[in-house]
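Since every read-out is calculated from the coordinates, none of them should be taken as a lab result. Remember, predicted model here, so these are calculated numbers, not experimental data. When we count neighbours, we look across all protein chains shown, and the Cβ atoms used for this are built from the backbone with ideal geometry, even at glycine.
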Amino acid sequence: MSQSQEVSTRLKGDVSVIDVRGEVTALSGRPIEQAYQGLSAAGAQKILLVFAADCYINSGGIAVLIGILAECKKKAQLVRITGLTPHFQKVFAMVGLTRYAPIDASEDDAAARFRERP
């Protein structure tokens, strides 16, 4: 488990990407929320959350992500996720996050899925 977290944002075409490394917990969730708020304020309509292979996500981190997904739904923003380990893919499916943010195998797959849905 990583002891730190790195969050950065970038554009990939018309998709706003939030890259996350390290721990995602209630205590470390603020940088992810701030990254999302910054992209949202800039008018992002397509948001891709990219989790690095070293990400550790606990229940508090899932609560942070649920809050972000709720905001995305209110603002009619499309969200997709990639980079999750098979374990966290199962966890996200079990808690229902995949109904609001589908999981893709790669950034390129996510970008293609965004193009399929205007």
Applying the selection to region 98-114, what residues are assigned to a helix (DSSP H, G or I), exposed (fewer than 13 other Cβ atoms within 10 Å of the Cβ) and not charged (D, E, K, R)? Ala112
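Yes or no, residue by residue, for (1) out of contact with any helix residue (DSSP H, G or I) (no Cβ under 7 Å at 6 or more places or on another chain); (2) over 14 Å from Gly61 (Cα atoms); (3) in contact (Cβ under 8 Å) with a residue 24 or more places away in the chain; (4) of a type outside the set (Val, Ile, Thr):
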position	(1), (2), (3), (4)
Ser4	yes, no, no, yes
Ser8	yes, yes, yes, yes
Lys12	no, yes, yes, yes
Gly22	yes, no, yes, yes
Pro31	yes, no, yes, yes
Ala41	yes, yes, no, yes
Which of the residues spanning region 1-44 are surrounded by fewer than 17 Cβ atoms within 10 Å (Cβ to Cβ) and polar (S, T, N, Q)? Ser2, Gln3, Ser4, Ser8, Thr9, Gln34, Gln37
Restricting to region 60-97, name every residue that is of a type in the set (A, V, I, L, M), without any contact (Cβ under 8 Å) to a residue 24 or more places away in the chain and surrounded by 12 or more Cβ atoms within 10 Å (Cβ to Cβ). Ala93
